[in-house]
Amino acid sequence: MEYFDYATGLKMVKDEKWTEIFGIPPRKPETELTQEYCDLALAIQKVTEDIMLKMCSYARKITDEKHLALAGGVALNCVANGKILRSGLFGDIWIQPAAGDAGGTLGAAYAAWHIYLNRERHTNGGSDKMKGSCLGPAFCDDDIEKVLRKFNAHCV
């Protein structure tokens, strides 16, 4: 834990350890995005995709389930999710929309309900029982144009 700050701070890696780990200093917000930071981001993305695919492959092997549900911050990695779907490991995937690791608590609660309390699992045949949870309200074009005029904003 001497390298990490996620348990008590707002960063994954402590600033003083970042350079030691990655060989470049932490990038300051809004500074130039240089090739070395792009290369680091790509490397992290590739490793994340590889790990997610391996975990999903293992999950399929031990459960023989045809569908996959994911939750948590990493589960919002659209590129990795696309690769999982195209891999053919599962017939379909569903990503729980709570944008953060707290989303895993829904799965844990459901698992406790089903596994430990021996309650029946209910499915709805694919419809969205969450009704678009946290996707926000809908606005018609007239409402949007009214706000644009109010703030003298222009669409490009």
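The values are calculated or read from the model by the stated rules, or taken from the named source; none is laboratory data. All of these numbers come straight from a predicted model, not from anything done at the bench. Every residue, glycine among them, receives a Cβ derived from its backbone with ideal geometry; neighbour counts consider all protein chains shown.
The conditions are (1) closer than 27 Å to ALA111 by Cβ; (2) modelled with pLDDT of 95 or more, and ASP39 fails exactly one of them. Which is it?
Only one criterion is unmet by ASP39, namely (1).
Go through the stretch 42-59 and report how many residues are among the small types (Gly, Ala, Ser) and surrounded by 12 or more Cβ atoms within 10 Å (Cβ to Cβ).
Residues flagged as among the small types (Gly, Ala, Ser) and surrounded by 12 or more Cβ atoms within 10 Å (Cβ to Cβ) within the stretch 42-59 amount to 2.
Between residues in the stretch 37-64 that are more than 16 Å from GLY88 (Cβ to Cβ) and residues that are part of a helix (DSSP H, G or I) and modelled with pLDDT of 95 or more, which pairs lie under 7 Å by C-beta distance while being six or more apart or on different chains?
Close Cβ pairs (under 7 Å, with a partner that is part of a helix (DSSP H, G or I) and modelled with pLDDT of 95 or more) amount to GLN45/VAL79; THR48/ALA80.
Could you tell me which numbered condition ILE62 fails, if it satisfies all but one of (1) in contact with a strand residue (DSSP E or B) (Cβ under 9 Å, 6 or more places away or on another chain); (2) closer than 26 Å to THR105 by Cβ?
(1)
Could you please find all residues in the stretch 38-74 being over 30 Å from PRO26 (Cα atoms) and in a helix (DSSP H, G or I)?
Answer for the stretch 38-74, where residues must be over 30 Å from PRO26 (Cα atoms) and in a helix (DSSP H, G or I): CYS56, SER57, TYR58, ALA59, ARG60, LYS61, ILE62, THR63.
Residues in the stretch 17-24: is at least one surrounded by 11 or more Cβ atoms within 10 Å (Cβ to Cβ) and closer than 29 Å to PRO97 by Cβ?
Looking for residues that are surrounded by 11 or more Cβ atoms within 10 Å (Cβ to Cβ) and closer than 29 Å to PRO97 by Cβ, one finds none in the stretch 17-24, hence no.
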